[in-house]
1. Inverting the mean 1/r over all pairs of different Cα atoms, compute the Kirkwood radius of the protein assembly as shown and quote it in Å.
2. Name all residues of region B:1-37 having a backbone nitrogen under 18 Å from the label point set 7 Å from the Cα of A:Ala94 along its Cα→Cβ direction, giving them as ranges.
3. If packing is taken as the average count of other Cβ atoms within 10 Å, what order do B:25-35, A:101-111, A:36-46 fall into, highest mean first?
4. Quick one: if you stick a label point 7 Å off each Cα along the C-beta vector at A:Ile53 and B:Ala77, how many nm between them?
5. When the label point is put 7 Å from the Cα of A:Ile61 along its Cα-to-beta-carbon vector, which residues of region B:64-82 have a backbone N closer than 12 Å?
6. If packing is taken as the average count of other Cβ atoms within 10 Å, what order do A:9-22, A:157-170 fall into, highest mean first?
7. Ordered by residue, what ³J(HN,Hα) values in Hz, to whole numbers, does region A:132-140 give under the Karplus form 6.51 cos²θ - 1.76 cosθ + 1.60, where θ = phi - 60° and Gly and Pro are x?
8. Considering just Cα atoms, how many Å³ per residue does the convex hull of region A:20-175 enclose?
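What follows draws every value from the coordinates through simple rules; no lab data is involved. Bear in mind the structure is a predicted one, so any value in this text is a computation, not a measurement. Here the Cβ is made from the backbone with ideal geometry for all residues, glycine too, and neighbour counts use every protein chain on show.
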Amino acid sequence: MEIAIAIITGLMIIGALYAIHAKDLLSAVIACGIVGYGLVICFLLLKAPDLAIVQIVVETITLIIMVAVVLDSSREEKFSKPDPQGYVSMTLSALILGVMLYFFIISVSSLDEFGKSTLRMAGPYIEGATEKTGSANLVTGVVFDFRGYDTLGEATVLVTAVLGVLTILRIKGKK
Amino acid sequence: MIAYWMCFILFLVGLYGAITRRNLIKIAISLSIMEFSTFLFFALIGYIDGGVAPIVDPADPVKIYVDPLPQALVLTAIVIGLATTAMLMAVIIRIYRKYGTFDIREIKNLRG
């Protein structure tokens, strides 16, 4: 199981590298779709069908939005002159990589082995959840019942984002 | 443990893209790659060997379920990720209509 997930994640890494280095922006967006749909397969292997359903819908909508933006433009990424700040940002990313590698090694040693995690917080959510929430799906029970106020906050964020998109697209820019 | 490492490498690829690219679309793609790796990490943490999907079957109550709490968190985060990506794309399309380019260096040069 772990090997299968590692292989799919490797494919996602290849897709991500191609998306970052592609010359045509349309192929970059489609290579970003490789990463998203690979994530759907990973969710299915990790026994998370709710996440897989939501992710496949959201990924399709994201791709449609991105393709609509890219098709409206000239589509190619220009590499006109060598970037004087390029070396600075390469050095910066190498530095950040080192720092994050350090913290990752520390934190991954404190994690449980893959597949051997214990239910620390979710135990009370699973015990008698069907009687408490009336939902056979435990994820739905957590989202809409035990953590209902978080879901309300999420709805607020969604409304704010939709209002923001509408406002940004409707205003007339200064000429 | 190798799954955690691959997930971390995916995050680093997204970070590398967000730092080094100069194209707004590429930066948005890199941000969503970092998002995806975080979702994958949460789903990896909650997995239990031999567990089944967290859907209760009354006929067979004695089962090991995978952890439903990270899945609920990621379910929220996926939808919010869509909202932020849509907002980012709206800003990018406004910038493109005003300046005619996605390149942040040229946008900086055009100022004033």
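1. About 20.5 Å for the protein assembly as shown.
2. B:12-13, B:15-21
3. Values: B:25-35: 22.9, A:101-111: 10.6, A:36-46: 21.2.
Listed from highest to lowest mean packing, they are B:25-35, A:36-46, A:101-111.
4. In this crude label model, A:Ile53 to B:Ala77 measures out at 2.1 nm.
5. Output list for this probe position: B:78-82.
6. A:9-22, A:157-170
7. 6, 9, x, 10, 6, 8, 5, 5, 4
8. That works out to 203 Å³ per residue.
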